[in-house]
1. Quickly work out the residue 2-to-residue 19 label distance, labels modelled 7 Å from Cα along the C-beta direction, and quote it in nm with one decimal.
2. Give me log10 I(q)/I(0) at q = 0.16, 0.20, 0.22 Å⁻¹ for region 2-59, Debye formula, one equal scatterer per alpha-carbon, no solvent.
3. Once you list every other residue whose beta carbon is under 12 Å from the beta carbon of residue 48, what net charge do they have if Lys and Arg are +1 and Asp and Glu are -1?
4. At 0.36 nm per residue, minus the direct Cα-Cα distance, what do residue 28 and residue 45 gain on full extension? Give it in nm, one decimal, please.
5. Using the Karplus curve 6.51 cos²θ - 1.76 cosθ + 1.60 with θ = phi - 60°, what ³J(HN,Hα) values do you get for each residue of region 39-51, in whole Hz, with x for Gly and Pro?
6. When only Cα pairs under 8 Å and 6 or more residues apart are kept, what is the percent relative contact order across the chain?
7. Cut-off 10 angstrom, C-alpha nodes, Gaussian network model of the chain. Which of 49, 31, 14 fluctuates the most?
Amino acid sequence: MIEDIDIDCPYCGEVNTLNVDVLAGNQQYTEDCKVCCQPIAIRLSADIENGVTHCVVEPENG
Ligand SMILES: [Zn+2]
C-alpha cells in the first residue's frame, strides 16, 4: 500500500511528495530534493493500520 506524503525540503523549502510503502514499516533513507537536488535525510514511521504516523526530514549532513 502506497501513501503519498508531502514534506518540505530543509534546504529550499519547496514541497516534495514522497511515495511511501507503508507495508515496509519504519524507514530511513535519503532522497534528493526534486527542486534543488540536495540530499534530504528522511526518517518515518508507518504501519498498515494508520499509514504514515511520523516523519522527520533534515539535511543529510546536518
Ligand atoms: Zn530543495
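The numbers here are math on the coordinates, done by the rules we state, and not lab data. Values in this document were obtained by computation on a predicted structure and should not be read as measured data. Heads up, the Cβs are rebuilt from the backbone with ideal geometry, glycines too, and the neighbour counts pull from every protein chain shown.
1. So the label points at residue 19 and residue 2 sit 0.2 nm apart.
2. For the requested q values the scattering log ratios are -0.44, -0.66, -0.79.
3. So the surrounding residues net to -4.
4. Working: separation 17, 0.36 × 17 = 6.12 nm, distance 0.89 nm.
The span from residue 28 to residue 45 would gain 5.2 nm if fully extended.
5. x, 9, 7, 10, 10, 9, 10, 8, 8, 5, 7, 10, x
6. So the answer I get is 30 percent.
7. 49
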